[in-house]
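S.K.: Supplied in structure tokens, the structure appears directly below.
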Amino acid sequence: MTQRPERADAVRNREAVLAAADALFAASTSPQNVSMDDVAAAAGLGKGTLFRRFGDRAGLIGAVIASRMEPLQHEVREAMAAAGSSPRQRVRDLLGAALSFKIENRNLMAAAEDAGLGSLYQAGHYGWWHDILRTELESVPGVQAPDFTAHALLAAVRADLVAHLIDDQKMTPEGLRSALAAHLDNVLGNSPEQPEQPGRPGRVA
């Protein structure tokens with residue numbers, strides 16, 4: 001059975017809700033306190049519309065994360081498809097992109113954990129990062145157990161750790177990127193490549 005396309009007003013409402021929630025979570029120093037009432041008021045819609053569309057607060061936060069991930073995933077796929085970089089450098093770029101996303105969205109990710117979205121390892125965005133990172137690690141000489149190594153590397157960019165280091169320990173994003181680069185060298189071992197600081201694919205941060 002062919003799925004009927006969404007009505008134009010439903011699409012507009014969804015985009016308004018996501019934009020409002022995105023702005024509120026980004027601006028709030030206490031994202032756990034952003035309520036469905038707050039989002040509905042900012043979007044100019046009734047709270048019932050939010051619950052019908054997203055189910056609950058956790059569903060709304062998951063949708064906001066997915067909307068933020070979509071352009072990054074497109075950028076990463078394009079960068080990975082481009083010729084010229086080694087598997088090791090692609091691992092650097094992937095991990096750097098994950099770190100940049102967590103730095104920029106640490107309030108939202110903290111709200112996701114508080115909302116009880118379930119195990120991090122069951123989240124769609126985590127599975128995507130893990131799969132693409134594992135695939136690149138399989139091509140890096142000397143890497144053993146690429147599946148586990150991908151999990152271990154992603155643990156270094158957990159949102160709660162990033163928030164702790166930046167917000168509590170006052171580590172700069174640049175310092176965190178440098179520390180991550182050193183950690184990656186420790187994990188991957190010696191290589192003839194010149195070490196580079198990890199950044200977004202196609203861009204060294």
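S.K.: Taking 7 Å along the Cα-to-C-beta vector as the label spot, tell me the Phe148-Asp37 distance in nanometres, rounded to one decimal.
M.R.: Between Phe148 and Asp37, the label points sit 5.0 nm apart.
S.K.: Take the alpha-carbon centre of the range 1-75, take the same for the range 138-185, and report the distance between them in whole Å.
M.R.: 29
S.K.: Give a residue-ordered list of calculated ³J(HN,Hα) values for the range 46-56 (Karplus: 6.51 cos²θ - 1.76 cosθ + 1.60, θ = phi - 60°; whole Hz; x for Gly, Pro).
M.R.: x, 4, x, 4, 5, 5, 5, 7, 10, x, 7
S.K.: With every protein chain kept in the model, how would you rank Phe51, Phe25 by accessible area, 1.4 Å probe, largest at the top?
M.R.: The ranking, largest first, comes out as Phe51, Phe25.
S.K.: Can you pull the accessible area of Ile166 for me, 1.4 Å probe, Å² to the nearest 10?
M.R.: We get 20 Å² for Ile166.
S.K.: Next question, about the same structure. How much of the accessible area of the range 1-96, probe 1.4 Å, is carbon plus sulfur, in whole percent?
M.R.: Roughly 52 percent of what the probe reaches on the range 1-96 is carbon or sulfur.
S.K.: Continuing with this model, one more query. Over the heavy atoms of Lys170, what accessible area does a 1.4 Å probe trace out, to the nearest 10 Å²?
M.R.: For Lys170, solvent-accessible area is about 150 Å².
S.K.: While we're looking at this one, here's another question. Grab every C-alpha pair in the range 1-111, bin the distances at 5 angstrom width from 0 up to the longest one, and report whole percents.
M.R.: All Cα pairs, binned at 5 Å, distribute as 2, 11, 19, 18, 15, 12, 10, 8, 5, 1, 0 percent.
S.K.: Per-residue HN-Hα couplings for the range 97-102, Karplus 6.51 cos²θ - 1.76 cosθ + 1.60 at θ = phi - 60°, whole Hz, x for Gly and Pro?
M.R.: So the Karplus estimates, Gly and Pro as x, are 5, 4, 5, 4, 5, 5 Hz.
The values are calculated or read from the model by the stated rules, or taken from the named source; none is laboratory data. Because the structure is predicted, anything quoted here is derived from the model rather than measured. In this analysis, Cβ positions are derived from the backbone assuming ideal geometry, glycine residues included, and neighbour counts consider all displayed protein chains. Note: areas computed on protein heavy atoms with side chains; ligands, DNA, RNA excluded. Shrake-Rupley method; radii C 1.70, N 1.55, O 1.52, S 1.80 Å.
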